1. Could you list, in sequence order, the residues of segment 38-55 that are surrounded by 15 or more Cβ atoms within 10 Å (Cβ to Cβ) and either small (Gly, Ala, Ser) or not assigned by TED's automatic domain parsing to the domain that holds Asp79 (or both)?
2. I need a count of the residues in segment 183-198 that are out of contact with any helix residue (DSSP H, G or I) (no Cβ under 6 Å at 6 or more places or on another chain), surrounded by 15 or more Cβ atoms within 10 Å (Cβ to Cβ) and in a helix (DSSP H, G or I).
3. Mind listing whichever residues of segment 20-57 are out of contact with any His (no Cβ under 9 Å at 6 or more places or on another chain) and among the small types (Gly, Ala, Ser)?
4. Is it the case that segment 190-210 has a residue that's farther than 26 Å from Thr94 by Cα and of a type in the set (D, E, K, R)?
5. Could you grab me the full set of residues in segment 56-72 that are of a type outside the set (Gly, Ala, Ser) and either surrounded by 15 or more Cβ atoms within 10 Å (Cβ to Cβ) or in contact with a Gly (Cβ under 9 Å, 6 or more places away or on another chain) (or both)?
6. Are there any pairs, at least 6 apart or on different chains, whose C-beta atoms fall under 9 Å, with the first in segment 23-36 and farther than 30 Å from Arg316 by Cβ and the second among the hydroxyl-bearing types (Ser, Thr, Tyr) and assigned to a helix (DSSP H, G or I), and if so, which?
7. Output yes when any residue across segment 239-251 is more than 22 Å from Leu32 (Cα to Cα) and among the basic types (Lys, Arg), and no when none is.
8. So which pairs qualify, if the first residue must be in segment 258-281 and in contact (Cβ under 8 Å) with a residue 24 or more places away in the chain and closer than 15 Å to Arg293 by Cβ, the second must be among the charged types (D, E, K, R) and assigned to a helix (DSSP H, G or I), the Cβ gap must be under 7 Å, and the two must be at least 6 apart or on different chains?
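The values are calculated or read from the model by the stated rules, or taken from the named source; none is laboratory data. The structure displayed is predicted, hence computed values, not measured ones. For neighbour counting, all protein chains shown are included, and Cβ atoms are generated from backbone atoms with ideal geometry for every residue, glycine included.
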Amino acid sequence: MRFLKYFFLLLLTGCSQQRSGNVAVVGFLDLLEDETLAQARKGFFVALKENGLSDSLHNLKIIYRNAHGDQPTLLQACDYLVSQSPDLIATNPTLPTIVAVQKTKAIPVFMMVSPRPDLSGLTDKKGNAPANLFGVYETLDYIDTSVMLIHSVLPSVKKIGTTFNQSEPQSVMALKKIENRCAALGIEIVSQPVNNSSETQLVVAALLNKNIDAFFALPDNVVFASFEVIAKSCGDKKVPVFTSEEGLVKRGALAAFGADMYQWGHQAGMQAAQFLKSKSTEGLKPEIVKVRRKVYNAGQAKLYQINFDSDFIAVR
């Protein structure tokens, strides 16, 4: 009798180990709580579910960590995820991507809401991205279209204000792109650095005091974290906000041309699902985001009495 009890215990243990072996483990590293970034995260996990990977199906374990905008917490969170040896680490947005590829060379990293690896300083002298970096990136080419969008919607625009994050390479590079495009169009660009969200209100107020005609919200982490402050400050002065992020249009910007955040995360999730199902990175590499579109906020359009043509999609 004791032997049978021991036998069944071994059998159950073996079944449990076999079942856990079929569970994919995904570490997800988020920088902060943000509605825009949350859309990318949602798209990522929807893509996994569409490929039959879900915690509800008991074949996916998610280890989620959010740094809440704090860099020391981000480093600790990444160390924890690496210590858990997940099958992959998903990163959202740029800073978690940079930290993750610095912390591990063995675990595949699937990025989203991140720039092309060379734009974030992740390539070697030969221009090669880290061998364990995959997922979906954006270039800065959309910036030219974004500035042209402002010019087409507000033909009389003479001066555009913006903030940039000095600690984010892509934010600085995006500013240079805006400056070049504005110079070609004869538009003055007024910029101020903002390195944390506590500075945003004062800096935006200073820009508004320079009589800007429009504000362009660059896609950096400070803007994501404090966009409501930007939208309110500009709204109080009747200065429309343009951006390259659809999620920010939903939060109060007038219009944008850029990546659909949900689809960005979904695209990264489809690539991650391919890896989890095949257990191989063969054929995978960082790829450019596929879905960009022109969008506008219907409420803001009514406020500023602007009619958008059929190329634009209304979002709420």
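1. Within segment 38-55, Ala38, Ala40, Gly43, Ala47, Ser54 qualify.
2. The qualifying residues number 0.
3. Answer for segment 20-57, where residues must be out of contact with any His (no Cβ under 9 Å at 6 or more places or on another chain) and among the small types (Gly, Ala, Ser): Ser20, Gly21, Ala24, Gly27, Ala38, Gly52, Ser54, Ser56.
4. yes
5. Those that are of a type outside the set (Gly, Ala, Ser) and either surrounded by 15 or more Cβ atoms within 10 Å (Cβ to Cβ) or in contact with a Gly (Cβ under 9 Å, 6 or more places away or on another chain) (or both): Asn59, Leu60, Lys61, Ile62, Ile63, Tyr64, Arg65, Asn66.
6. Gly27/Tyr80
7. No, because not a single residue in segment 239-251 is more than 22 Å from Leu32 (Cα to Cα) and among the basic types (Lys, Arg).
8. Short answer, once both residue conditions are applied: Gly258/Glu246; Asp260/Glu246; Met261/Glu246; Tyr262/Lys42.
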